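What follows is a set of notes on a single structure, which appears directly below.
Bear in mind these aren't lab numbers, they're just calculated from the coordinates by the rules spelled out. Quick caveat: nothing in here was measured; it's all calculated off a predicted structure. Glycine also receives a Cβ, built like all others from the backbone with ideal geometry; neighbour counts cover every protein chain displayed.
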Amino acid sequence: MNWIAIALAGLATFASRFSFIAFGNNVELPPIVESALRFVAPAAFAAISLPIVLGGDGVSGFSNDIPRVIAAGLACAFVWKTKSLPLSLITGMGTLWLLVWIL
């Protein structure tokens, strides 16, 4: 019985995602929805990366996470200035590794 439930859940997930790929070109979204969709990727990236930068619950052990905070701040400033995400990731990781090595 469990395998049937898992298979049906997988099929429902696949069908809902495939429907946007198969029929998405024929649907015209309202302009407000299209403008809101531009913020989905940055919001998802922030939701994933902010807990990592601030360490766990965001409060405990913050003094140990200073290199991460500095590297993340430098990467944010770099992407804001250059608009290049790959270069900002390289800059942030390079800064983090350098600070961890020094400290």
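General observations
- Exposed trypsin sites (Lys or Arg not before Pro) absent: longest stretch of the chain, with sites in DSSP loops and at most 15 other Cβ within 10 Å deemed exposed: 39-82
- Once C-alpha pairs closer than 8 Å and six or more residues apart are averaged by separation and normalised to the residue number of the chain, the relative contact order reads 15 percent.
- Helix 66-82 and the longest principal axis of the C-alpha atoms of the chain enclose an angle of approximately 70°.
- Extended-chain gain in nm, criterion 0.36 nm per residue less alpha-carbon gap, Cys76 and Ile90: 3.9 nm
- Residue among Pro86, Pro51, Pro67 with the largest mean-square fluctuation in a Gaussian network model of the chain, springs linking Cα atoms under 10 Å: Pro86
- Assigned charges on the beta-carbon of Lys, Arg, Asp, Glu; the chain dipole about Cα centre (debye): 200 debye
- Correct choice for percent of Cα pairs over 16 Å apart that was computed from the model, options (i) 73; (ii) 63; (iii) 54: (i)
- In this structure, Ala7 and Ala43 have a Cβ-Cβ separation that, at R0 = 35 Å, corresponds to a calculated FRET efficiency of about 0.65.
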